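Just so it is clear, none of the values below were taken in a lab; they were calculated from the coordinates. All figures in this text were calculated on a predicted structure; none of them were measured in a lab. Glycine gets a Cβ as well: all are built from the backbone with ideal geometry, and neighbour counts include every protein chain shown.
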Amino acid sequence: MEVGLDTLVALAKRRGFIFPGSELYGGLAGTWDYGPLGALLKHNIVRLWWQYCVWEREDMVALDSAILMNPRVWEASGHVETFTDPLVECEKCKGRFRADKLDDPTRCPECGGALGEPRAFHLMIEAKVGVLDDGSGKVFLRPETAQGIFVNFKNIVDTMHPKLPFGVAQVGRAFRNEISPRDFLFRAREFEQMEIEYFVRPDGWEAAFEVWLRTVRSFLERVGIDMERVVEEEIPPQERAHYSSRTVDFNFRYPFGLDELLGLAYRGDYDLRRHSEYSGVDLRYREPGVEPFFPHVIEPSFGLDRLVLAVLLSAYDEDEVGEGKRVVLRLKPEVAPYRVAVFPLLRNKPQLVQKAHEVFRELRAHHPSVVFDDNGNIGKRYRRQDEIGTPWCVTVDFQSLDDGTVTVRNRDTAEQDRVPIDELPEAVGLVGS
Ligand code: GAP
């Protein structure tokens, strides 16, 4: 079902997925903190991404570059010159808005006052490094992870000797001074990207682009995105980023409307050529018998926080089972914070608690994603585990002490089966995962 954003935000907070950033001090707009369950969910998405986009392939290498970079990087990349949004200010209430996101860019959406002329507002966040106050230490917090890959292109080629086509993958923080951070994780000032720069021969980009379209689709399915809510959009030339000559946005139907989830861009040889010019270092690719040339680049750029949001929105459901009405997150087991919860039927019966601990430890030996839960009664535990998306609940009861079986409850159907403890790891999908 399609849930409203307020309901999801409340669940995310109540269940320890996502908290407002710096909440104790009144918050900081555009920042979010991932709580214990959100951190696990995010980690699992990242792990699946590495697995699917890097480890299962033979043409990818990894990178983890610094957030702070020499400011010349951002001159070469074009960000200093062009990385702006149109800002308008209300003459009456002084509110500030992004002109391109307003239905009527002449009227204030909050007080109805007249809006001034749009001006270009720079999105990079500045920081200062070093001890001098003379401006020489001015740096930017990177607005995309991609440039770390381009500036390391030569290092990677010289050390790893990859053959074209090959890709470089990196996951990391990015920062943008968004004019109006909004809609929960959707538009934040600090967020994470999972980016790939895939280097191809100049005449090979079209075929590679098609393959990446398919790869992105199947990754989204694998991570649990409701594909009926995904709409691919071919971006027209006037709306593409300065470096791109083909971009397909993967849009998702959020509660606040259809908007970007991730982008797939053809960046041509823009970045390597510009970094060669600005640094004076030849970044052309060399191979025997061919003139050195700049490889062209296909860039799948995933916003991790938007993926978390879309995964949660896709998974959210409400239904009625034998035990009554409930909220359930139908997360894929691979991304759920916990795959299995183990309970003793009653917490005041030491034999049950001890046996449940044994089962818990046994399952943990197969996979760390197992939680022990003895809070509240069994009905409350099911509610809680459904709401955080745990696919299986295992209950140790008195029969377990006699015959070595436990009840296994399936999150999606709420049906229960009795399973011998030694068959449990397989029954709850912990073997070979
Ligand atoms: N290297 C290309 C690049 O950065 P982008 O479309 O500006 O392209 C890529 O950003 C992805 O990063 C977006 O599709 C989105 O998922 C995510 N993203 C961008 N700005 C964001 C923000 N303010 N908050 C959360 N995610 C954001």
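Over the chain, Cα pairs under 8 Å with separation of 6+ residues give a relative contact order of 13 percent. Using Cα-Cα distances under 8 Å and only pairs 6 or more residues apart, what relative contact order does region 1-133 have, in percent? After rounding, I find 13 percent.
Long hydrophobic helices in the chain: the complete DSSP H runs spanning 24 Å or more by Cα along their own axis with mean Kyte-Doolittle hydropathy of at least 0.0 are 205-223. Across region 414-421, computed HN-Hα scalar couplings (Karplus, 6.51 cos²θ - 1.76 cosθ + 1.60, θ = phi - 60°) run 6, 7, 10, 10, 9, 9, x, 4 Hz from first to last residue, x flagging Gly and Pro. Rounded to the nearest 20, the Cβ-based charge dipole of the chain about its Cα centre (Lys and Arg +1, Asp and Glu -1) stands at 1000 debye. Under a model in which nothing but the beta-carbon of Lys, Arg (+1) and Asp, Glu (-1) is charged, region 294-433 shows a dipole of about 440 debye around its Cα centre. Name the shape class, rounded, prolate or oblate, that the alpha-carbon gyration tensor gives for region 119-183, where a ≥ b ≥ c are the square roots of its eigenvalues, rounded holds for a/c under 1.5, and otherwise prolate holds if a/b is larger than b/c and oblate otherwise. In terms of gyration-tensor shape, oblate.
When the chain is treated as a GNM with alpha-carbon contacts under 10 Å, the residue of Met160, Met227, Met69 showing the greatest mean-square fluctuation is Met160. Pairs with C-alpha atoms separated by more than 30 Å, drawn from the list Lys332/Lys355; Lys13/Lys325; Lys13/Lys349, are Lys13/Lys349.
Protection proxy ranking, highest mean first, for peptides 302-309, 164-171: 302-309, 164-171, where packing is the per-residue count of other beta-carbon atoms within 10 Å, averaged. Round to a whole angstrom and tell me the spacing of the C-alpha centers of region 21-72 and region 260-318. Value for the Cα centre distance between the two parts: 17 Å. Averaging over all projection directions, the Cα-based convex hull of region 338-427 occupies 5.0 nm² in the image plane.
Contact order, relative form, for region 163-285: 16 percent (alpha carbon pairs under 8 Å, 6 or more residues apart, mean separation divided by residue count).
Taking amide hydrogens as placed 1.01 Å from N in the peptide plane, the amide H of Val139 sits under 5 Å from those of Ala127, Lys128, Val129, each at least 5 positions away in sequence or on another chain.
Mean residue ellipticity at 222 nm, helices only, the chain: -8500 deg cm²/dmol; runs of at least 4 DSSP H residues each add -39,500 (n - 2.57), and the sum is divided by the number of residues. Our note on the geometry: Cα centres of region 331-377 and region 89-106, 52 Å apart. Across all C-alpha atoms in region 175-249, the radius of gyration and Dmax reach 14.9, 41 Å. Determine the shape class of region 138-272: with a ≥ b ≥ c the square roots of the Cα gyration tensor eigenvalues, call it rounded for a/c under 1.5, and otherwise prolate if a/b is greater than b/c, oblate otherwise. Oblate. Ellipsoid semi-axes for the chain, based on the Cα gyration tensor and the rule √(5λ), read 44, 29, 20 Å when sorted largest first. Comparing Tyr266, Tyr25, Tyr243 in a Gaussian network model of the chain, where Cα atoms under 10 Å apart are tied by springs, the biggest mean-square fluctuation is seen for Tyr25. For region 79-162, taking the reciprocal of the average inverse distance between every pair of different Cα atoms yields a Kirkwood hydrodynamic radius of 16.2 Å. Within the listed set Glu190, Glu210, Glu299, the Gaussian network model of the chain (springs between alpha-carbon atoms below 10 Å) gives the highest mean-square fluctuation for Glu210.
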